[in-house]
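Accompanying notes for the structure given below.
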DNA sequence: CCGGATCCGGGAAGATACTG
DNA sequence: CAGTATCTTCCCGGATCCGG
């Protein structure tokens, strides 16, 4: 934990895993699906701005990594539900910390960004 | 640089902020720089696999967002140190949770991935 | 020692149209 | 309702050379 040399540099399997979570839509989908089994169209509505294609692709990726379970009900019309696995729920807990951090400091960050851009403006 | 306003980031400033943290190298750099002021070459060594270019670009982005402070010592040869700001330190705390999650479950994830690939193999 | 500038390939992502 | 398929565009990221 409090090691002097952080093990980030060795082989970096962590970065590999995080790369998948770090996709543009993954976090949004995980947060949207955290409150229970969610249907495809519900996700399409909740994760605003996402396209059908990217929703499908990201869902497949998350399913492949064992973060989401896809359940198909052979009804008419078809119905598919996505549920977070246990490890995804654990992940969601840390994601909550991340999002609250972002909420808490988004003003400061926006300000810092403006200040930086103003300073590096080329008149 | 001049970030064009996309409809997604308008509605969701959190995603916009997280998008920057979610870059391929940002987390590694933040973790590597967390233990104190770090020089450019030290980061280049610690965040193994990163190129000079990406290191520079990511550092600039983090600096722009007010997560890193860049201090230039006008010596010969030049010496530059990067230090985490307070909000970056807060972020680093949640990042620790994220990385330990990844460490803890990377085996499970790798297994799930293999299982998924085996099942969806096309004979 | 710490970068910036440029060229270029590949994957991510949008738009659109079609299907079981 | 829940996806596929295809095409195109964009920008991330590596390689390389140059500069203070």
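Here are a few things to note about the model shown:
- Normalised by the number of residues in chain A, the mean separation of alpha-carbon contacts (under 8 Å, six or more apart) gives a relative contact order of 22 percent.
- For chain A: rounded, prolate or oblate by the Cα gyration tensor [a/c cutoff 1.5]: oblate
- 10 Å Cβ neighbours from other chains, averaged over peptide A:107-115: 4
- Label point 7 Å beyond Cα along the C-beta direction, distances from residue B:45 to other copies (nm, shortest first): 5.6
- Distance from region A:71-123 to region B:42-103 (C-alpha centre basis), Å: 21 Å
- A convex hull fitted to the Cα coordinates of the protein assembly as shown yields 156 cubic angstrom per residue.
- Comment: the Cα-to-Cβ extended label point of residue B:104, at 7 Å, lies 2.0 nm from its counterparts in the other copies, nearest first.
- Shape category assigned to region A:40-85 from the gyration tensor of Cα positions, a/c cut at 1.5: oblate
- Distances between copies of residue A:76, taken at a point 7 Å out from Cα along the Cα→Cβ vector and listed shortest first: 8.5 nm.
- Taking label positions 7 Å along the Cα-Cβ direction at both residue A:93 and residue B:80, the computed distance is 4.0 nm, reported to one decimal.
- Inter-chain neighbour count for A:63-70: the average number of beta-carbon atoms from partner chains within 10 Å of each residue's beta-carbon is 4.
- The residue B:100 and residue A:117 beta-carbon pair, evaluated with R₀ = 30 Å, returns a calculated FRET efficiency of approximately 0.30.
- Label-to-label distance for residue A:51 and residue A:69 is 3.2 nm, based on points extended 7 Å past Cα in the beta-carbon direction.
- Against the main long axis of the alpha-carbon atoms of chain A, helix A:86-119 sits at an angle near 40°.
- Counting, for every residue in A:86-96, the Cβ atoms of other protein chains within 10 Å of its Cβ and taking the mean gives 3.
All of the numbers you see were taken from the coordinates with simple rules; none came from a lab. A quick note: this is a predicted structure, and the numbers were derived from the prediction, not measured. Glycine also receives a Cβ, built like all others from the backbone with ideal geometry; neighbour counts cover every protein chain displayed.
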